[in-house]
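For reference, the structure is listed below as structure tokens.
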Amino acid sequence: MCGIVGYAGDKNVESVLIVGLIGLEYRGYDSAGIAVLDRGEIQVRKQKGKIKDLENYLKEHPIRGNVGIGHTRWATHGEPNQINAHPHTDSKSTVAVVHNGIIENYSELRQELKQKGFVFHSMTDTEVLPNLLAESRKRGLSNKDAFLELFNRVHGKWAIAVVFDNEPDRVYFAQDGAPLLLGRGKEEYYLASDISPLTRNCREVYYINSKEWGYFAKTECKIFGFDGSEKEFEFKTQDIKFEDVDKGGYPHYMIKEIHEQPGIFRRIIQSRISEAGEIEFPESTISREMMSKVNRIIIQAAGTSYYAGMLGKHYLENFAKIQTDTETSSEFRYRNPVVEGDTLIVGISQSGETADTLASLLEAKAKFIKVLSLVNNVNSTIARESDSFIRTDAGPEIGVASTKAFTAQVINLLLFSLYVARLKWIVSDDELKTLIEEIRLLPGKMERILAQAHILENWAADFTKTKDFVFLGRTYNHPVALEGALKLKEVSYIHASGYAGGEFKHGPIALITNEVPVVCIATKSEIYSKMLSNIQEIKARNGIMISIVTEGDKEAKELSDYCFEVPECPEILSPILNVLPLQLLAYYSAVARGCPPDQPRNLAKSVTVE
Ligand code: F6R
């Protein structure tokens, strides 16, 4: 989705902004632009397409200066083109604005401003902002007062960065529900809508809170509340390093992040399981007293996080013995669900910024329901708005398709379920010990799978012309089938659907022809024989059989055209291993078909609009 950067200091702002925008590229965008204060004049350059296109345009139309703002746009109002790209200015170019989020009442504001003689050029909601500021200034208001007035006039969830022609040293900023953070360097300040552009130059950052605004110049930075009062604030040292958001020698973030998973698991296991075998969640304020009262859990999430949530239901019901429902937030929030006082809402979000998930958590809070979130970005809005949060600890995920966050969410949900079961004294020492021993073996087994990535690379080469894929799994591996299908379609654009194996004969089996590969997740489990039946039914209809099986399984292998073997593990842990070949299949299919795996078309890393 859209991204914001800003800078004031001694450096050439054009290159600082471009480097910052490159740091935001992973979020998904369709146009980009910058506005620079060049000797008291606001100069804007913007282009449809990639940052490279903007850079080429800047070579022909350079700008000089040390203060400016930049933006990557993901189209919501109006198609991706140069006119709709940000920054937007008023007609006289006295003020330039970049904006993330949505101005809900833009259409009324636009009418009002048009009646006052203001002219609009774009289809965006953003363009009302520079015009509102210009209109306030025309009435004699200072920039600060114009800014304060703006906050009362616009509705929605947004973040903005602004430059005014009469304050050539300053960048103004504000946020109401969309993330924005400041970075401090040596005699320079940076602004960005997420941490990635700040990792190279700033060790100290400040996460701007909702309903805060301010401005910075080379050597000063002020923050105020929407009521105009100045606020004390503190920059904090941030622990994300540039290497964490770098490709580290891999051709794409997606494959780097797939290969990071064993290391992430080692870290999670080390931090969550003590030497004595006790599970710990020190960051959460969940107490035994509170958990013993919870009689229902509703998991809220979207996309891949929702599939992790489906596994969370299995784990929480199995170990913590708490009735759990998992629902997509976009549906949950509009259907007036019955939610009572003893319910706990668990929000799962990698980014911590997903608008649907945030909205449903806020609604639950408004009904006095306790909200716990599982977030990868602990400084995110969802983390801050929840009563308590748990860290996913996957490290920054840059590839648009979620991979390492999924497996990290799953293991945390399992550990959390065991933790609650322990609080309630309903898991025996022996059961816990055996499971923990198995969990400790996971990183090594994951490495063995990833060492065979070339097998999936070879398979992908066979399916470059394939139009449809089907994924089947049962119980714990039903969410894995859904995730495998989602991963494949989002990065390779091959149509793919995932089904519960038992549901397949109730309709979807009609899809099977000798051109349709079916991925069956058939590792050893209580329902292994049922998956074998699926495999046989598909073979009988000439489908192309791809199976994911436990090492040494000859039966399923003999029935398969393609077969990938994964190390043996208990069924409840199998999703963590089984999803790895599916992530690799998706990645290599994208590469084989010439699709950009890190930035699939139409997708954005964090979906901050509903
Ligand atoms: C798929 C993917 C999305 C996200 C979904 C929720 O690869 O990444 O489906 O899982 O948009 O995002 P978060 O977890 O950030 O709330």
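The condition of being more than 16 Å from the ligand (Cβ to nearest atom), more than 24 Å from the chain's Cα centre (by Cα), closer than 18 Å to Glu551 by Cα and not charged (D, E, K, R) holds for only one of Gly473, Gly502, Gly507, that being Gly473.
Regarding Ser349, is this residue touching a strand residue (DSSP E or B) at 6+ places or on another chain (Cβ under 6 Å), surrounded by 24 or more Cβ atoms within 10 Å (Cβ to Cβ) and among the polar types (S, T, N, Q)? Answer is yes for this residue. Answer with yes or no whether Gly183 is out of contact with any His (no Cβ under 9 Å at 6 or more places or on another chain) and more than 30 Å from Ser107 (Cα to Cα). Judged against the criteria, Gly183 is a match. Mind checking which residues of segment 308-322 are buried (at least 24 other Cβ atoms within 10 Å of the Cβ) and either over 20 Å from Ile286 (Cα atoms) or in contact with a Cys (Cβ under 7 Å, 6 or more places away or on another chain) (or both)? Once the filter is applied, which keeps residues that are buried (at least 24 other Cβ atoms within 10 Å of the Cβ) and either over 20 Å from Ile286 (Cα atoms) or in contact with a Cys (Cβ under 7 Å, 6 or more places away or on another chain) (or both), segment 308-322 yields Ala308, Leu311. When residues in segment 409-452 are screened for being surrounded by fewer than 23 Cβ atoms within 10 Å (Cβ to Cβ) and among the polar types (S, T, N, Q), 3 of them pass.
Within segment 558-578, can one find any residue that is closer than 30 Å to Glu438 by Cβ and within 16 Å of the ligand (Cβ to nearest atom)? Yes: one or more hits. Do we find that Glu447 is in contact (Cβ under 8 Å) with a residue 60 or more places away in the chain, away from the ligand (no atom under 16 Å from the Cβ) and acidic (Asp, Glu) in this structure? For Glu447, the condition - in contact (Cβ under 8 Å) with a residue 60 or more places away in the chain, away from the ligand (no atom under 16 Å from the Cβ) and acidic (Asp, Glu) - is met. Here segment 364-387 is the region considered, the condition is being away from the ligand (no atom under 12 Å from the Cβ) and in a strand (DSSP E or B), and the residue that is surrounded by the most Cβ atoms within 10 Å (Cβ to Cβ) is Leu372. Among (1) touching a Gly at 6+ places or on another chain (Cβ under 6 Å); (2) crowded, with 23+ Cβ neighbours inside 10 Å; (3) more than 21 Å from Gly33 (Cβ to Cβ), there is one condition Thr72 misses while meeting the rest; what is its number? Failed condition: (3). Among the residues of segment 388-432, those identified as more than 16 Å from the ligand (Cβ to nearest atom), at pLDDT below 95 and either under 24 Å from Ala481 (Cβ atoms) or of a type in the set (D, E, K, R) (or both) are Arg422, Lys424, Asp429, Asp430, Glu431. Looking across segment 391-441, the residues that are over 30 Å from Ile195 (Cβ atoms), out of contact with any Phe, Trp or Tyr (no Cβ under 8 Å at 6 or more places or on another chain) and part of a loop (DSSP other than H, G, I, E, B) come down to Lys424, Trp425, Ser428. Considering segment 40-157, the qualifying strands (runs of 3 or more DSSP E), each wholly inside and each with 2 or more residues that are out of contact with any helix residue (DSSP H, G or I) (no Cβ under 8 Å at 6 or more places or on another chain) and under 27 Å from Tyr189 (Cβ atoms), run over 41-48, 95-103.
Let's see how each residue does on (1) over 27 Å from the mean Cα position of the chain (by Cα); (2) free of Cβ contacts under 8 Å to residues at least 24 places away in the same chain; (3) assigned by TED's automatic domain parsing to the domain that holds Val491:
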residue	(1), (2), (3)
Arg203	no, no, no
Gly225	yes, yes, no
Lys231	yes, yes, no
Glu234	no, no, no
Asp239	no, yes, no
Gln261	no, no, no
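Residues that are of a type in the set (Ser, Thr, Tyr) and part of a strand (DSSP E or B) within segment 198-238 comprise Tyr206, Tyr207, Tyr215, Thr237, listed in sequence order.
Residues that are within 11 Å of the ligand (Cβ to nearest atom) and modelled with pLDDT of 95 or more are absent from segment 433-443 altogether.
Residues in segment 108-152 that are more than 29 Å from Leu21 (Cα to Cα) and of a type in the set (Ser, Thr, Tyr): Ser136, Ser142.
Going by the conditions given, is Ile83 surrounded by fewer than 24 Cβ atoms within 10 Å (Cβ to Cβ) and in contact with a Phe, Trp or Tyr (Cβ under 8 Å, 6 or more places away or on another chain)?
So Ile83 does not fit the description; no.
Set side by side, the residues Ser292, Ser330, Ser305 differ, and just one is within 16 Å of the ligand (Cβ to nearest atom) and surrounded by fewer than 22 Cβ atoms within 10 Å (Cβ to Cβ), which is Ser330.
Restricting the first member to segment 327-351 and to residues that are free of Cβ contacts under 8 Å to residues at least 12 places away in the same chain, and the second to residues that are within 16 Å of the ligand (Cβ to nearest atom) and not β-branched (Val, Ile, Thr), the beta-carbon pairs closer than 9 Å and six or more apart or on different chains are Glu331/Asp356; Arg335/Glu327. Annotation: of all residues in segment 95-113 being among the β-branched types (Val, Ile, Thr) and either within 23 Å of Thr354 (Cα to Cα) or surrounded by fewer than 18 Cβ atoms within 10 Å (Cβ to Cβ) (or both), the one that is modelled with the highest pLDDT is Val98. Just one of the listed residues (Ile494, Ile455) is within 31 Å of the chain's Cα centre (by Cα), closer than 25 Å to Cys595 by Cβ and within 16 Å of the ligand (Cβ to nearest atom), namely Ile494.
Tell me, please, whether a residue that is crowded, with 16+ Cβ neighbours inside 10 Å, closer than 28 Å to Asn66 by Cα and in contact with an Asp or Glu (Cβ under 9 Å, 6 or more places away or on another chain) can be found in segment 254-265. Taking every residue of segment 254-265 in turn, none turns out to be crowded, with 16+ Cβ neighbours inside 10 Å, closer than 28 Å to Asn66 by Cα and in contact with an Asp or Glu (Cβ under 9 Å, 6 or more places away or on another chain).
The values are calculated or read from the model by the stated rules, or taken from the named source; none is laboratory data. None of the values given here were measured: they were computed from a predicted structure. As a convention, Cβ positions derive from the backbone with ideal geometry for all residues, glycine included, and neighbour counts pool all protein chains shown.
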